[in-house]
Structures are given as C-alpha cells and as structure tokens.
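Rule-based calculations on the coordinates, nothing more; no lab input. Not measured: the values here are computed from a predicted model. Using ideal geometry, Cβ is built from the backbone for each residue, glycine included, and neighbour counts are taken over all protein chains shown.
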Amino acid sequence: MKELIARAALFSAIEGGHTFWSREIYSNSANYVFEKLLNNGYDSIKYEKLIAELKLHSGEQVLERIAQHHVRLITPFDDDWPIQVNDLVAPPIALIAKGHIEALHISSLAIVGTRNPTSYGARIAGDFAAGFVDREWGIISGGAYGIDSYAHKGALIAEGITVAVIASGIDVNYPAGNARLFSEICESGAIVTEFMPGNKALPSRFLTRNRLIAALSKATLVVEAAFRSGSLRTARDAAELFRPVMAIPGPINSPTSEGCHRLIGERAAEIVTSVADAVEFVGVNQ
C-alpha cells in the first residue's frame, strides 16, 4: 500500500515521460524515491518545486481525486498493467484508464497521421482499421481530429476494439468535438492517459503520449503526415522499440503525404498499399 500511495503522489507531481525520474523509480521503487525526495536525498534546490508539490498533496488525496472521476489508476504492480510499455526508456509511473482495461492486452495496430487529411487519407485510415479488426486486432490512436478519428471510427464501425491515448486529463474532452467518439470508444475499448485529471493538452504532452501509442501497439501505420509531423515522432518511437513501422504512399505532390514519403525514402518505414500487405509485413516481423 505504501508503494501505491508513493507512486500516486509521484505520478501527480512529475510530468509524464521524465526520463530521470522514471528510471529512478523503476530502478529502486516509488516509495524509495518519495522518501528520498522528502528527506533531501536529492538536490533540494534543484528539485525545490517538486518537493513542495509532494508536500502539498498526499498520495491518498491523489487517489481520491482520481476515484472521483470513476476511472482507475493502474501501476506496474497491477495484473492488468500493459507490460509492453516497460520497453520504453521512460516507462510511465502509472496510467489512468477509463473503459475496458483488457483492451490494452490484445494485439493492436497504431494508426496515426495528420489532423487535416484528404478524403483519400480518411478512407484509408478507416479501411485499414476495419481490416485489422476483421483479423481480431485492436486499433490504437490518439483521439485527435483527422486520421486518429477516422481510425477509431473505422474500428468501431467494424464492431472492433479501439483505444485512445490522450494528451490531457481523463476528464478533459480534447478535442471537444470528439466527446461522443470518446464515449463510444469506452463502450468496448478504453481511453488512457499519463496525466492527472484537469491537465490540459499542451503541445509537449502530445509528443510525450506518442511514445505510449507506439509502445502499446505491436506495429505502427502512418497514413498521411506532413514533412514535419508529430506522427513521424510516433513512427520513430516505434522503430526505437523494434516494432514494425509502415507508411501509406500518396500523390507525389500532396503535402499531406510528404511525411510518409520521407519515412519510406529513409527506409524508416515499409511501404504498404493494402491491408494484406500490412498483415504480412507485421506477421513476418513479429
């Protein structure tokens, strides 16, 4: 119980994806790090703000605050912890999940891409999501407008399971226009976050959550992405975890396909043009 309370306190006070604190906690224990912080075992000047935050809110208060939203805080000590995230350089201290947590344990494909897709990209995202659902895979994406939404919807239309990994608190519907989609996702799948309730979706948090999308999935598919796109970060995160990365080609003059062509040109992603192609590539590289 002390470990859970310490982990809850640290989860609340430390921004997700912090490499140093993540490694400290995984190498020792949350309770060890918590006690060491409060007893000035770390640089009390450098970490003054963090120490003050830990003294302000107890782990019990954090757990109560999370419970008020009828969601779960899951940690590496829970049976339903998705162990695949432990492969990350900075594994999450904990995760907050809403819906069916078992959705995190099925073989899943991450589908990512631009928030401003063409009709071609929107159709492809939905088709590939449905194709993998037909093969009893889940679909993981980021819950944003664009390719993310079409991937989630494609999975739901095919009566499959999909998981949204969001960059805000579990109680923050971001984007607001996807509130209904989030509700539908939770009917059979789940919404997951590394951030406390009330936390807003800041730009840096999207990059942080991208590594979770890559880690939770067995493979990643980039459908449409600009030359400089957060989706390319997800693809690179997946490659660092030695997970298969695929990209859909588009018209050579389409700005929304420049990122995919970049990945293919750099041999950072396998070119796929059909669901069958993708299934075969993932199967060979498992």
> Summing Lys, Arg as +1 and Asp, Glu as -1, what charge do residues with Cβ under 15 Å from the Cβ of ALA276 carry, ALA276 excluded?
Replying inline: -4
> At each listed q (0.20 Å⁻¹), what is the log10 of I(q)/I(0) that the Debye formula gives for the stretch 1-67 modelled as equal alpha-carbon point scatterers?
Replying inline: -0.75
> Roughly what would the spin-label model give for ALA176 and ASN253, points 7 Å off Cα along C-beta, in nm?
Replying inline: 3.9 nm
> Give me the Kirkwood hydrodynamic radius of the stretch 169-241 in Å, from all C-alpha pairs, to one decimal place?
Replying inline: 13.6 Å
>> Using amide H atoms built in the peptide plane, which far-off residues or other-chain residues are under 5 Å from GLY138 H to H?
In response: SER107, SER108, LEU109
>> Taking 51 Å as R0, compute the FRET efficiency from the Cβ-Cβ separation of GLU187 and GLU240 and round it to 0.05.
In response: 0.95
>> Within 14 Å, Cβ to Cβ, of VAL71, how many net charges do the neighbouring residues add up to if Lys/Arg are +1 and Asp/Glu are -1?
In response: -2
>> Among the listed pairs LYS36/LYS218; LYS2/LYS46; LYS49/LYS200, which have their C-alpha atoms separated by more than 30 angstrom in this model?
In response: LYS36/LYS218
> Percentage of Cα-Cα pair distances in the stretch 101-284 greater than 28 Å, rounded to whole percent?
Replying inline: 14 percent
